[in-house]
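Q: Let me give you the structure first, and then I'll get to my questions.
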Amino acid sequence: MATWYCKDCSEYIDERMASWHESQGHAVLGYRAPKSMEDRHLWSS
Ligand SMILES: [Zn+2]
């Protein structure tokens with residue numbers, strides 16, 4: 001699972017829509033969901 005964020009639309013989008021926003025010239029940021037306990041610790045802080 002991955003969560004992406006489009007700065008131009010100011011909304012969170014899924015990975016499939018991320019490529020569409022990029023094709024529109026939007027600034028898309030990608031966030032990978034945590035898989036390990038260490039990653040979860042970083043996200044929960
Ligand atoms: Zn967008």
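The values are calculated or read from the model by the stated rules, or taken from the named source; none is laboratory data. Just so you know, these numbers come straight off a predicted model, no measurement behind them. Here the Cβ is made from the backbone with ideal geometry for all residues, glycine too, and neighbour counts use every protein chain on show.
Q: Regarding the stretch 18-27, can at least one residue be identified that is at pLDDT 95 or above, surrounded by 14 or more Cβ atoms within 10 Å (Cβ to Cβ) and either away from the ligand (no atom under 15 Å from the Cβ) or not acidic (Asp, Glu) (or both)?
A: Yes, the stretch 18-27 contains a residue that is at pLDDT 95 or above, surrounded by 14 or more Cβ atoms within 10 Å (Cβ to Cβ) and either away from the ligand (no atom under 15 Å from the Cβ) or not acidic (Asp, Glu) (or both).
Q: Step by step: first the residues of the stretch 28-42, then only those that are exposed (fewer than 11 other Cβ atoms within 10 Å of the Cβ) and over 11 Å from the mean Cα position of the chain (by Cα), then the one that is modelled with the lowest pLDDT. Which residue is that?
A: Result: MET37.
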